[in-house]
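The values are calculated or read from the model by the stated rules, or taken from the named source; none is laboratory data. All values derive from a computational prediction rather than experimental measurement. Every residue, glycine as well, gets a Cβ built from its backbone with ideal geometry; the counts of neighbours run over all protein chains shown. Only protein heavy atoms, including side chains, enter the accessible area calculation; ligands, DNA and RNA are left aside. Shrake-Rupley method; radii C 1.70, N 1.55, O 1.52, S 1.80 Å.
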Amino acid sequence: RFKMSSSITLMSIINLCEFSTIWIGGVIQKKIGIRLTVLSGGTLLILGALGIIFFNNLLAYQFMMGFYGCGIGIAEAVTVSNACAFLPHKKGLINGLANVFWTLSCSLFNFLGQVIVNPDGLPHDDKTKMYSKEISENIITYSIFAIICLAILTTITVILSFPYKKEKYETLSEEEESKEKENNEEKEEKKSDEIVYEEENKKRESKKDIS
């Protein structure tokens, strides 16, 4: 059984741990690489979800939700920053897409949670501010579903997270590209001038030979 106020506390713990560990992801990435960093973050997410199944004590439950928040903070930031490294001129687009899919996933899982946990939309008890035991037990089913989804998404993200190598993938900035373009045009003009100069010299030499 759980109270409605407990969900507010849990969300606060998740957000606190998430924003407190965002910088840790970057530190870990420098030492073990992007893929192992994402894997470690995904593992913490799954551990947090497992806490819903194995813990009935509210304090222990809140502690495991801290793992869940840390997993989000570690895995999310490095994934976005790694994508920005490949497309430095599209950072706004990448962050926008990350926020869009984050919002869509929250809406989707909220809908699925409602269907699995409380399909009939039963209200909580007005006196105790608690839901029924049946609804509480449905949370375990939803947790198993969430764990499977997290494992699949973590695996896909690890596979698609190619490490960024500066010397291999570095792209030129717009100023550097314009400078390079100007240098190439100047080189082509010099070559054309040299060709014209050589042709004029040949003509002069041919005239001297005729005379």
Conditions (1) of a type in the set (S, T, N, Q); (2) within 20 Å of Gly41 (Cα to Cα); (3) over 24 Å from the mean Cα position of the chain (by Cα): number failed by Thr155: (3)
Elements of type helices (runs of 4 or more DSSP H) in the range 1-119, at least 3 residues being closer than 30 Å to Ser132 by Cβ: 4-20, 34-54, 58-86, 91-117
Those residues of the range 84-118 which are more than 18 Å from Tyr164 (Cα to Cα), over 14 Å from the mean Cα position of the chain (by Cα) and not β-branched (Val, Ile, Thr), in sequence order: Leu104, Cys106, Ser107, Leu108, Phe109, Asn110, Phe111, Leu112, Gly113, Gln114, Asn118
Tabulated pairs, the range 28-49, first under 15 Å from Thr155 (Cβ atoms) and open to solvent by less than 40 Å² (accessible area, probe 1.4 Å), second at pLDDT 90 or above and outside any helix (DSSP H, G or I), C-beta under 8 angstrom, 6+ apart or interchain: none
